[in-house]
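Taken together, the values in this text are just the output of simple stated rules run on the coordinates, not laboratory data. Predicted model only: the values in this text are computed from it and were never measured. Here the Cβ is made from the backbone with ideal geometry for all residues, glycine too, and neighbour counts use every protein chain on show.
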Amino acid sequence: MAKAMTISYEVGENLYLNLTNKCPCACTFCIRNHADGAYGSDPLWLEHEPTLDEIIADLNKRKLKKYREIVFCGYGEPTERLDVLLETAAYLRSRENCPRLRINTNGLGDLIHGRSIAKELCYELDTVSISLNAPTEKDYMAVTRPKFDNAFEALQKFTKDCVKAGKAEVIMSVVDVIPPEQIEASRQLAEKLGAHLRVREFDD
Ligand code: SF4
C-alpha cells in the first residue's frame, strides 16, 4: 500500500480534502479495497493524519475561488476528525470567495463521538451528503458492514437532526448498482427523513 501526504486533490471542478483514513465501516464497494487513490489522485493513504497547520498550508497553495465546492471526503470518514474538520471549515469560511463546503459522510458521527454532532456540523457546512447505500436495515448492514449494531437507526436520526438544524442542504446517496426498486425505496426513505436522494454512479 503506497502512502503519501495527499491532503487535498482535485475531482472535476471540486477540491476534495483527505483528513483521515479511519472509518467504522467496511463497505463492499469501497474504493479503498482496490486502489491507493481516487480519480487519478496521488495515494490517499496518509503517512500521518494532517494537523490543522498542515491542512491550512496545503490549502494556501490552492486558488480556492476556482472550485465549485470544497468537499470533506477522502480515504476515510471525515467526522472521525470532527474538531479538525470544523476548524478547517471555519478557516475556509473566513477566506474571501470561499466556495460551498460539503461533507460526504457515512452518517455515523454520532456513534463515533457518543453524542449528536448534527448542529455543529451543519453550522459550518453548506451541504451534508450522507451515504444511505440501501433502503432496509438488512441490506444496509450487508453492504456497509459497520462496526456498530445500531448504525442504520443512527444514520436516520443523524439525517433528521441535520434537517432540523435547518441550515445545510441535506442529501442521502445510493450507488446506481442497486436495483431500481431499491433506489425508489431509498428515495422514499430519504424524503420521509426530510432529505433529497442522490443516485451516484459506481466508480471502480
Ligand atoms: S464509509 Fe466510505 S471510507 Fe468507509 S468503508 Fe464505506 S466507502 Fe469506504
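As a length-normalised measure over Cα pairs under 8 Å and 6 or more apart, the relative contact order of the chain settles at 19 percent. Extension gain, Phe202-Ser94: 0.36 nm per intervening residue step, less the Cα-Cα distance, totals 35.4 nm.
Across the stretch 104-204, the mean sequence separation of Cα contacts (distance under 8 Å, 6 or more residues apart), normalised by length, yields a relative contact order of 31 percent.
Let me know the longest stretch in the chain that avoids all GluC sites (Glu not before Pro) found in a DSSP loop with at most 16 other C-beta atoms within 10 Å.
On the way: sites that count: Glu13, Glu47, Glu96, Glu201.
Longest gap between qualifying sites, sites excluded: 97-200.
Close Lys pairs in the chain (alpha-carbon distance under 18 Å; sequence gap of 8 or more, or different chains): 13.
Inter-part distance, the stretch 102-162 to the stretch 26-55, computed on C-alpha centroids, equals 20 Å.
Once the other residues with Cβ under 14 Å from the Cβ of Pro146 are scored (Lys, Arg +1; Asp, Glu -1), what is the net sum? Show your work: numbers first, answer last.
Numbers: positive: Lys22, Lys138, Arg145, Lys147; negative: Glu77, Glu80, Asp110, Glu137, Asp139, Asp149, Glu153.
Charge balance in the 14 Å sphere: -3.
Just checking the listed ones, Phe152, Phe72, Phe29: in the Gaussian network model of the chain with Cα springs under 10 Å, the one fluctuating most is Phe29. Among the trypsin sites (Lys or Arg not before Pro) found in the stretch 109-204, those both in a DSSP coil and sparsely packed, with 14 or fewer other Cβ atoms within 10 Å of their Cβ, are Arg115, Lys147, Lys167. Where is the GNM fluctuation largest for the chain (alpha-carbon springs, 10 angstrom cutoff): Ile178, Ile130, Ile70? Residue with maximal mean-square fluctuation among Ile178, Ile130, Ile70: Ile178. Taken one residue at a time, the phi angles of the stretch 8-19 give Karplus couplings (6.51, -1.76, 1.60, θ = phi - 60°) of 10, 8, 8, 10, x, 8, 10, 10, 9, 10, 10, 9 Hz. Gly and Pro are set to x.
Angle of helix 82-94 to the longest C-alpha principal axis of the chain, folded into 0 to 90 degrees and rounded to 10: 60°.
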